[in-house]
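The values are calculated or read from the model by the stated rules, or taken from the named source; none is laboratory data. These numbers were taken from a predicted model, which means no experiment stands behind them. Don't worry about glycine lacking a Cβ; one is built from the backbone with ideal geometry, like all the others, and counts go over all protein chains shown. Each accessible area value is taken on the protein alone, full model and side chains, heavy atoms only, with ligands, DNA and RNA left out. Shrake-Rupley method; radii C 1.70, N 1.55, O 1.52, S 1.80 Å.
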Amino acid sequence: MLTLYSMPSSGNSYKVRLLLAFLGTPYDHIGGEYGSGLTDSDAFRALNPAGKLPLLKLEDGRLIAESNAILLYLARGTRFLPDDAYEQALCHQWMFFEQNSHETSIAVRAAILTYPQRAHLRTPDRLDPLLESGNRALSIMEAQLEKTPFLTGDAPTVADISLYGYTHSAEKGGFDMQRFPAVNAWLDRIAAEPGHVPLAFVPGAA
Ligand SMILES: N[C@@H](CCC(=O)N[C@@H](CS)C(=O)NCC(=O)O)C(=O)O
């Protein structure tokens, strides 16, 4: 059985829970919210020296960190990762964009505005550039999604799951999603995929 260490409130962790739900793959879940001490513990740091969630433990004990690396591993041989080298490269392109340009603006702004531990960062010099760069990232998605129903073409892939993680809750970061109708239609398409679960879903919870 796979074991997923994940943070219930985090989009990076949600991406992996969402793919596992779409695939119908069972797994053990170990949750660690901010302040729980999990990521600071010596036992966890021995598994992931970066001290970050999510972290996947394979059946044989080997480990994979980084949400997008986990997604790419789990999606091999499924409908969420094309076989064609160019189509795979498009998935990688959007997933690098997610970590470099999207998560760093949209998730970071939402975290500052929602986590009490980050309240001291709620200043215009910190928040304004994040609003601008987040809107730029959403505009890039909007331009693609005006042309194709999913980010890499006609079918959903790990790239869509990766970017869904923080786009679906971008309002928490103060982003006006009315400005991005094609992104909203895409969010609805992903939410309508069989097996979709919400952010708060963790297996075994009532
Ligand atoms: N690039 C990493 C980022 C992971 C990350 O930043 N995780 C945060 C939650 S979103 C975390 O574990 N924070 C706990 C901590 O820093 O103690 C990924 O995509 O997995």
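Each Lys and Arg contributes +1 and each Asp and Glu -1, all at the Cβ; summed about the Cα centre of the chain, the dipole is approximately 360 debye. So, with a 1.4 angstrom probe, what is the percent of accessible area on segment 66-206 that is carbon and sulfur? After summing per-atom areas, the C and S share lands at 56 percent.
Would you mind calculating the gained length between N100 and K172 on full extension (0.36 nm times residue separation, minus the Cα-Cα distance), in nm to one decimal?
Working: separation 72, 0.36 × 72 = 25.92 nm, distance 1.97 nm.
Result for the pair: 24.0 nm of gain on full extension.
Ellipticity at 222 nm from helices only: DSSP H runs of n ≥ 4 in the chain, each -39500 (n - 2.57), divided by the residue count, give -13500 deg cm²/dmol.
Highest mean packing first, where packing is the average number of other Cβ atoms within 10 Å per residue, the peptides 133-143, 106-116, 12-22 line up as 12-22, 106-116, 133-143.
Return the loop-located trypsin sites (Lys or Arg not before Pro) in segment 46-79 (DSSP other than H, G, I, E, B) with at most 16 other Cβ atoms within 10 Å of their own Cβ; answer none if there are none.
Details: sites: K52, K57, R62, R76, R79; in loops: K52, R62, R76, R79.
For trypsin sites (Lys or Arg not before Pro) across segment 46-79 that sit outside H, G, I, E and B with at most 16 neighbouring Cβ atoms in 10 Å, the list reads R62, R76, R79.
Converting phi to 3J(HN,Hα) with the Karplus coefficients 6.51, -1.76 and 1.60 and the offset θ = phi - 60°, segment 69-85 yields 5, 5, 4, 5, 5, 5, 7, 3, x, 10, 5, 8, 9, x, 7, 4, 4 Hz in sequence order, with x at every glycine or proline. In loop segments of segment 55-97 as defined by DSSP, the GluC sites (Glu not before Pro) with at most 14 further C-beta atoms inside 10 Å of their C-beta are E59.
Were the residues from D42 through L113 laid out at 0.36 nm apart, the gain over their Cα-Cα distance would be 22.6 nm. On full extension, the segment bounded by D84 and T123 gains 9.5 nm, given 0.36 nm per residue less the C-alpha separation.
Couplings for segment 34-46, taken from phi via the Karplus curve 6.51 cos²θ - 1.76 cosθ + 1.60 with θ = phi - 60°, read 3, x, 6, x, 4, 6, 8, 6, 4, 4, 6, 4, 5 Hz in order; Gly and Pro are left as x. Accessible area per residue for the chain, computed on protein heavy atoms with a 1.4 Å probe, is 48 Å².
Going down the table (K57/K172; K15/K172; K15/K147), which pairs top 22 Å between alpha carbons?
Where the Cα-Cα span goes over 22 Å, the pairs concerned are K57/K172; K15/K147.
Positive-end ranking of A50, Q88, T104 along the dipole of the chain, with charges on Cβ about the Cα centre, is headed by A50.
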